[in-house]
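Participant: Structure in structure tokens, see below.
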Amino acid sequence: MQPDLIIRGANLPDGREGVDIVVADGLVQAVGPRIPAEGREEIDAHGLLVTPPFVDAHFHMDATLSLGIPRLNRSGTLLEGIQLWGELKRVLTVEAVVERALAYCDIAVAQGIQAIRSHVDVCDDRLTGVHGLLEVKRRVAPYLTLQLVAFPQDGLYRSPGARENLRRALDMGVDLVGGIPHFERTMEDGRRSVVELCELAAERGLMVDMHCDETDDPLSRHIETLAAETRRLGLEGRVAGSHCTSMHSMDNYYASKLLPLIREADVAIIANPLINITIQGRHDTYPKRRGMTRVPELWAEGVPVAFGHDCVMDPWYSLGSGDMLEVAHMAVHVGLLTSQEAMRRCFDSVTSVPAAILGLDGYGLEPGCRADMVVLDARDPVEAIRLKAARLQVLRAGKVIAQSPPRRAELRLPGRPSAVALRRG
């Protein structure tokens, strides 16, 4: 049978170079050098990087692209953002959620993202965001995998009705159990919320993704409870702690106890470099804390770490473009992750690692995997991060669904080339 598509001469994230990728029936059929076949369509990668798609492991799609409604976050703080979101929720409509979320999904796909885990607020008794994002999930399913987390933004106990609303959202088809223990009124309420939410997930056979310790307070240690409950309830491999920024303020002795507990529980950590670096450290004068969790130490312990975009043009963050390479780029800088190995791991943290955390079936570039991939205007993962490389082609099931031109500039300089590209070679 003639292949539908062959990508010729590709470099892969694992370091293989000059590789052909054969696609038929929406699946990768063969991967290797100079495969003797002729496809109905062929793309010559010319030694550029072909990668499985980007995966955003942490996002808030119910709020995206709502910047300035009803007003701007003047302080730029987490708490004012939550206050603003509370004002917006009162006038939010399903139609507005759907319109903005679909517009963001268009942006995400153009940037090579094909899977997003989005938290959706359940503290609105109308469950407006839930209704909206379930509709968006249905509409984008052919080209974007959307996982939804039932998220009690205002606190499981702090917000009246949140516990019942969360269960209603799960009954409606929301995929995961979420929480925000550090936003409860007391540490004890936070601890109890982790226990109750993990028990609910175990009862329903669901995964957990909990906002944990998104604070500079080194005594906010709900990730410890999350890991302990994961082991007690047999949830290993199904739980993620997101943000975990208090870890950057903990003393090393306590961290030396905490990190093995996280590994033993097989809990994944999801950091959000763009947002963590702008939200945290707000009470500091100088020196200011960086705000991101202990990525290299988690890596050394064997804990999977993914990076999320978290926000794009919403009450918490006025910037963002849906670019997971920008997320990795920030992680490299704020985490001092500048060795070649560390930068490649940062690339993995926006591709293969979050794909595993989300449990995506058929992800990868091996025979039998779905033919979902991105051709980048870069030769390797480090160059891709350096340039935040253009997505030349984005493919879903072997078909191009988005494409962009390479970044080039014309020059009018005497004695110099007529054009210049940022990519070397």
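Conditions (1) part of a loop (DSSP other than H, G, I, E, B); (2) among the β-branched types (Val, Ile, Thr); (3) farther than 11 Å from PRO53 by Cα, marked per residue:
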| site | (1), (2), (3) |
| --- | --- |
| VAL350 | yes, yes, no |
| ALA356 | no, no, yes |
| LEU365 | yes, no, no |
| GLY368 | yes, no, yes |
| GLU383 | no, no, yes |
| LEU413 | yes, no, yes |
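Participant: Return a yes/no flag: does region 146-159 have any residue that is in the same structural domain as ALA255 (by TED's automatic domain parsing), among the acidic types (Asp, Glu) and not in a loop (DSSP other than H, G, I, E, B).
Facilitator: Among the residues of region 146-159, not one is in the same structural domain as ALA255 (by TED's automatic domain parsing), among the acidic types (Asp, Glu) and not in a loop (DSSP other than H, G, I, E, B), which makes the answer no.
Participant: Output the residue which, of all residues in region 232-249 that are in contact with a Cys (Cβ under 8 Å, 6 or more places away or on another chain) and either outside the structural domain of VAL303 (by TED's automatic domain parsing) or hydrophobic (A, V, I, L, M, F, W, C) (or both), is farthest from LEU197 (Cα to Cα).
Facilitator: Within region 232-249, the match that is farthest from LEU197 (Cα to Cα) is CYS244.
Participant: Answer yes or no as to whether ASP213 is surrounded by 19 or more Cβ atoms within 10 Å (Cβ to Cβ) and not aliphatic (A, V, I, L, M).
Facilitator: Yes; evaluated as a whole, the condition is true for this residue.
Participant: Still on this structure, please answer the following. Starting from region 77-98, take each residue that is touching a residue at least 24 places away in the same chain (Cβ under 8 Å) and part of a loop (DSSP other than H, G, I, E, B) and list its partners that are of a type in the set (Lys, Arg) and surrounded by fewer than 19 Cβ atoms within 10 Å (Cβ to Cβ), counting only C-beta distances under 6 angstrom and pairs at least six apart or across chains.
Facilitator: THR77/ARG282
Participant: Next up: What residue, among those in region 53-75 that are crowded, with 24+ Cβ neighbours inside 10 Å and not aliphatic (A, V, I, L, M), is nearest to VAL91 (Cα to Cα)?
Facilitator: ASP62
Participant: A follow-up question, please. In region 372-381, how many are farther than 16 Å from SER352 by Cβ and crowded, with 20+ Cβ neighbours inside 10 Å?
Facilitator: 3
Participant: Would you please name the residue that is surrounded by the most Cβ atoms within 10 Å (Cβ to Cβ), looking only at residues in region 134-145 that are in contact with a helix residue (DSSP H, G or I) (Cβ under 6 Å, 6 or more places away or on another chain) and outside any loop (DSSP other than H, G, I, E, B)?
Facilitator: My answer is VAL136.
Participant: Ok, one more. Go over the candidates LEU49, LEU27 one by one and state the one that is farther than 30 Å from GLN153 by Cα, within 25 Å of the chain's Cα centre (by Cα) and buried (at least 21 other Cβ atoms within 10 Å of the Cβ).
Facilitator: LEU49
Participant: Moving on. For region 239-262, give me the residue count where each residue is hydroxyl-bearing (Ser, Thr, Tyr) and surrounded by 22 or more Cβ atoms within 10 Å (Cβ to Cβ).
Facilitator: Residues meeting the conditions: 3.
Participant: Could you tell me whether region 196-207 includes any residue that is in contact with a Cys (Cβ under 8 Å, 6 or more places away or on another chain) and either at pLDDT below 95 or surrounded by 24 or more Cβ atoms within 10 Å (Cβ to Cβ) (or both)?
Facilitator: no
Participant: Which of the residues spanning region 173-194 are out of contact with any helix residue (DSSP H, G or I) (no Cβ under 6 Å at 6 or more places or on another chain), of a type in the set (A, V, I, L, M) and not in a loop (DSSP other than H, G, I, E, B)?
Facilitator: Result: LEU176, MET187.
Participant: Right, here's the next one. Pick from region 396-418 the residues that are touching an Asp or Glu at 6+ places or on another chain (Cβ under 7 Å) and in contact (Cβ under 8 Å) with a residue 60 or more places away in the chain: which of them is surrounded by the fewest Cβ atoms within 10 Å (Cβ to Cβ)?
Facilitator: Here the residue is ALA397.
The values are calculated or read from the model by the stated rules, or taken from the named source; none is laboratory data. Keep in mind the model is a prediction, meaning the values are calculated, not measured. FYI the Cβ positions are ideal-geometry reconstructions off the backbone, even for glycines, and counts take in every protein chain you see.
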